[in-house]
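Novice: The structure follows.
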Ligand SMILES: [Zn+2]
């Protein structure tokens with residue numbers, strides 16, 4: 001398939017979820033077959049959005065190169081994967097993209113407003129495993145079966161009474177992503193909040209950019225967008241982490257009790273799968 005990038009620049013500004021620092025993320029079209037990259041304002045080398053550059057996966061996927069780090073890249077990458085954007089430079093004036101409304105929708109809308117363009121002279125080969133791939137880790141289970149398109153079946157199963165077990169099955173297309181996945185917001189449990197803050201995380205978190213799960217209710221600006229918003233957000237994050245393969249994935253993916261660390265480990269297995 002032809003490689004694609006944006007037709008024009010687009011940007012989203014706001015505050016990082018974990019660092020609490022202001023940031024404008026500018027999506028700049030990439031002329032060459034350079035993949036998805038994050039650029040910091042110090043003029044240093046771009047940080048490629050690839051598995052080998054994952055530095056940590058605590059409450060987000062963080063990339064690093066030569067001691068420089070970008071935090072929480074998965075929502076932007078999820079949009080790129082779903083909209084078929086293969087080459088993009090993300091210029092940031094802070095270490096973490098804006099949390100926006102906690103979902104991927106503001107990024108997707110900015111990219112679509114700029115337009116997605118094929119590069120007629122640049123090809124990209126999707127990764128299409130020829131045999132099933134599986135990962136088990138505690139209660140987490142992932143599998144990928146050969147398929148000609150990308151589909152996700154995500155199971156979210158949480159002991160919290162406000163969460164429980166929900167499932168989402170979806171063929172991933174730009175339309176299905178925009179409708180079913182991109183608007184789903186980040187969530188966190190009230191009981192975890194003090195621990196997150198003590199660990200230096202969620203400093204930019206608010207009810208404007210995250211859903212807060214309390215004992216008997218879920219708080220967020222404007223109320224829930226979906227009855228099963230958390231499983232949809234899990235799908236959003238998984239898609240973003242799978243984008244770290246650097247090429248489109250064609251497979252029927254099933255994922256239960258996902259998290260960023262296992263998402264990344266599963267992507268590493270897929271990278272080495274027979275094709
Ligand atoms: Zn997320």
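The values are calculated or read from the model by the stated rules, or taken from the named source; none is laboratory data. It should be emphasised that the depicted structure is a prediction, and the values quoted were computed from it without experimental measurement. Every residue, glycine as well, gets a Cβ built from its backbone with ideal geometry; the counts of neighbours run over all protein chains shown.
Novice: Could you check how many residues of the stretch 230-269 are assigned to a loop (DSSP other than H, G, I, E, B) and closer than 15 Å to residue 59 by Cβ?
Specialist: Selection size over the stretch 230-269: 2.
Novice: Out of curiosity, is residue 99 surrounded by 21 or more Cβ atoms within 10 Å (Cβ to Cβ) and in contact with a helix residue (DSSP H, G or I) (Cβ under 7 Å, 6 or more places away or on another chain)?
Specialist: no
Novice: Just name the residue that is surrounded by the most Cβ atoms within 10 Å (Cβ to Cβ) out of those in the stretch 42-91 that are more than 14 Å from the ligand (Cβ to nearest atom) and under 14 Å from residue 19 (Cα atoms).
Specialist: Checked the stretch 42-91; the qualifying residue surrounded by the most Cβ atoms within 10 Å (Cβ to Cβ) is 70.
Novice: For residue 41, only one of the following conditions fails: (1) part of a loop (DSSP other than H, G, I, E, B); (2) within 21 Å of residue 266 (Cα to Cα); (3) without any contact (Cβ under 8 Å) to a residue 60 or more places away in the chain. What is its number?
Specialist: Exception for residue 41: condition (2).
Novice: Oh, and also: Listed residues 25, 13, 30, 8; which is over 21 Å from residue 237 (Cβ atoms) and under 18 Å from the mean Cα position of the chain (by Cα)?
Specialist: From the options 25, 13, 30, 8, the qualifying one is 13.
Novice: Could you go through the stretch 95-111 and let me know if any residue there is in a helix (DSSP H, G or I) and free of Cβ contacts under 8 Å to residues at least 60 places away in the same chain.
Specialist: Yes, the stretch 95-111 has at least one match.
Novice: Within the stretch 167-199, restricting attention to residues that are within 16 Å of the ligand (Cβ to nearest atom) and either exposed (fewer than 13 other Cβ atoms within 10 Å of the Cβ) or in a strand (DSSP E or B) (or both), which residue is nearest to the chain's Cα centre (by Cα)?
Specialist: Residue satisfying both the conditions and the ranking: 187.
Novice: Next up: Within the stretch 14-28, restricting attention to residues that are surrounded by 20 or more Cβ atoms within 10 Å (Cβ to Cβ) and touching a strand residue (DSSP E or B) at 6+ places or on another chain (Cβ under 6 Å), which residue is farthest from residue 195 (Cα to Cα)?
Specialist: 27
Novice: Between 245, 212, which is touching a residue at least 24 places away in the same chain (Cβ under 8 Å), away from the ligand (no atom under 14 Å from the Cβ) and either over 17 Å from residue 82 (Cα atoms) or surrounded by 21 or more Cβ atoms within 10 Å (Cβ to Cβ) (or both)?
Specialist: 212
Novice: I would also like to ask the following. All but one of (1) modelled with pLDDT of 95 or more; (2) in a loop (DSSP other than H, G, I, E, B); (3) closer than 30 Å to residue 227 by Cβ hold for residue 161; which doesn't?
Specialist: Single failed check for residue 161: (1).
Novice: Cβ-Cβ below 6 Å, separation at least six or inter-chain, first residue in the stretch 149-160 and outside the structural domain of residue 263 (by TED's automatic domain parsing) and in contact (Cβ under 8 Å) with a residue 60 or more places away in the chain, second part of a loop (DSSP other than H, G, I, E, B) and loosely packed, with under 15 Cβ neighbours inside 10 Å: which pairs?
Specialist: Pairs found: none.
Novice: Do we find that residue 52 is out of contact with any helix residue (DSSP H, G or I) (no Cβ under 8 Å at 6 or more places or on another chain), modelled with pLDDT of 95 or more and outside any strand (DSSP E or B) in this structure?
Specialist: yes
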